[in-house]
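The values are calculated or read from the model by the stated rules, or taken from the named source; none is laboratory data. As the structure is a prediction and not an experimental result, all values here were calculated from the model. We place every Cβ from the backbone using ideal geometry, glycine too, and count neighbours over all the protein chains shown.
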Amino acid sequence: MLLRIKQALANIPITARVTLWYSFFIIAIVAALIAVSAVVADEVFEDVSQKKLAKSVTKIANDMDEFEPYDDGIFFIKYNAKGDVIGGLAPKHFQISLKMNSGAARLFENGENRFYYYDIAARGKNVWIRGVINAEKFFKKEGLFLLALGVFVPVLFIFVLYGGYKTIKNAMKPVATISKTALEIGSSRDFSKRIDLPAGKDELHALASVFNQMLDSLEKVYQSEKQLTSDVSHELRTPLSVIMAESDYAASYAQNLGEAKESLEVISRQSRKITSLIDQILELSRLEAGRNLELKDINLSFILQNLASDYEKLASAKGLKFSCVVAPNVQILGNELMISRLVDNFLSNALKFAEAKIELNLSLTKTHALLSVKDDGLGISKKDIELIWNKFYQVESSRNKSQNRGSGLGLAIAANIAKIHGAKLGVKSEAGAGSEFWAEFELVNLKQA
């Protein structure tokens, strides 16, 4: 039974459910209030009538000159010591021969007629004064009170019910807007849509704000994925076209082993390029997915010195001067392979674009280690500086792309490595003035500064 009720309630809109829930409690409270009011009203009216009766009779008993047969709804009867009526007036249907009882008001019922009477001996007189009041008068007042309560409370209940329903319905409007926006995004795949709500600071507005922040992230990811697909397609198109062209040429025109070998070398070179591109895309995807890396204390100075040894030879082969100034025994928290990859990206870029020299430096502040790689190449224009960290972005002119073509993923990989390590990353460059790429890491042991 309870399960059926729960299932039935689950199919009712939240607005109606909440309205029914508090309506049930209001009805219960109102019913209890009316019941209590009836009891209290009965006691109050009875108490008021008895006090009024006793006060009036006592007043006359203390001053017989005030005696009148009827005054303000009260009948007064005068008795002698034997209990015989000697004056006054009794209401119809009241039994005047009732025994005298001083000290408290009493109720006399004669069929449907009810009376309160109060007896007291007159001061200094050998007589009794009895006051009689028709109880129906007070019961009618009580009935009118309960009737008014019975009319007013339902009207108030309907007003509260309607007001509560409208309040809840208005409060739940943001939920409908959120649902509508989510459905529109789901059907249109348009992640630029946002939940548009009027200004507010309640929980639902906070929820809508969180949803909008989530949609911001989803839009960035979605656009990034679209751009990645487009960029990968573009990057793969050229080597695949070369492979197909060379394959067709070798199949149709190669006359001897030498010509076939030349075509195979071109195909092999382009295949390696595709493999390298795919490897870098996979590496970048793993980094962006937040793969858990084991971070431990590593000697950054040692890593840079090893890389400097390799790149010094490569720079010499290209006729470039290579200088290295590295602070000793600099300890940071990181992954040695990833840090090596970051620095290698900086150095390989410098090797591509330097005209005469490359500088590798590692210095210390009180709390951080700052590594930098500087070249004296053509530099990067201001409009390109913010874009070089994007996947597949390559500066067209200032970095001499035609001669030093890469995949455009190296700096994007470096940026993700820095993010994983909580490091800051940046570049100082101007067109025609060379470039300096830098990364700042927090020291493991601040005392070494």
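Restricting to region 338-363, name every residue that is of a type in the set (Lys, Arg) and modelled with pLDDT of 90 or more.
Answer for region 338-363, where residues must be of a type in the set (Lys, Arg) and modelled with pLDDT of 90 or more: just Lys357.
Quick one: which of Leu277, Leu284 is outside the structural domain of Gly410 (by TED's automatic domain parsing), modelled with pLDDT under 90, in contact with a Lys or Arg (Cβ under 9 Å, 6 or more places away or on another chain) and surrounded by 15 or more Cβ atoms within 10 Å (Cβ to Cβ)?
Testing whether each residue is outside the structural domain of Gly410 (by TED's automatic domain parsing), modelled with pLDDT under 90, in contact with a Lys or Arg (Cβ under 9 Å, 6 or more places away or on another chain) and surrounded by 15 or more Cβ atoms within 10 Å (Cβ to Cβ) leaves just Leu284.
Check off (1) closer than 30 Å to Ile27 by Cβ; (2) surrounded by 12 or more Cβ atoms within 10 Å (Cβ to Cβ) for Ala122 and give me the number that stays unchecked.
Going through the list (1) closer than 30 Å to Ile27 by Cβ; (2) surrounded by 12 or more Cβ atoms within 10 Å (Cβ to Cβ), Ala122 breaks only (1).
So which residues in region 374-404 are modelled with pLDDT under 65 and either among the β-branched types (Val, Ile, Thr) or in contact with a Pro (Cβ under 8 Å, 6 or more places away or on another chain) (or both), if there are any at all?
Answer for region 374-404, where residues must be modelled with pLDDT under 65 and either among the β-branched types (Val, Ile, Thr) or in contact with a Pro (Cβ under 8 Å, 6 or more places away or on another chain) (or both): just Val395.
Quick one: in region 126-172, of everything that is at pLDDT below 75 and in contact with a strand residue (DSSP E or B) (Cβ under 8 Å, 6 or more places away or on another chain), which residue is nearest to Lys92 (Cα to Cα)?
Residue satisfying both the conditions and the ranking: Glu136.
Residue-by-condition table, conditions (1) within 30 Å of Ala31 (Cα to Cα); (2) surrounded by 12 or more Cβ atoms within 10 Å (Cβ to Cβ):
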residue: Phe157; (1), (2): yes, yes
residue: Lys169; (1), (2): yes, yes
residue: Thr177; (1), (2): no, yes
residue: Arg189; (1), (2): no, no
residue: Lys201; (1), (2): no, no
residue: Leu218; (1), (2): no, yes
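Conditions (1) more than 14 Å from Ser49 (Cβ to Cβ); (2) assigned to a strand (DSSP E or B); (3) at pLDDT 85 or above, marked per residue:
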{"site": "Asp65", "(1), (2), (3)": "yes, no, no"}
{"site": "Glu68", "(1), (2), (3)": "yes, no, yes"}
{"site": "Phe75", "(1), (2), (3)": "no, yes, yes"}
{"site": "Leu98", "(1), (2), (3)": "yes, no, yes"}
{"site": "Ala104", "(1), (2), (3)": "no, no, no"}
{"site": "Phe115", "(1), (2), (3)": "no, yes, yes"}
{"site": "Asp119", "(1), (2), (3)": "yes, yes, yes"}
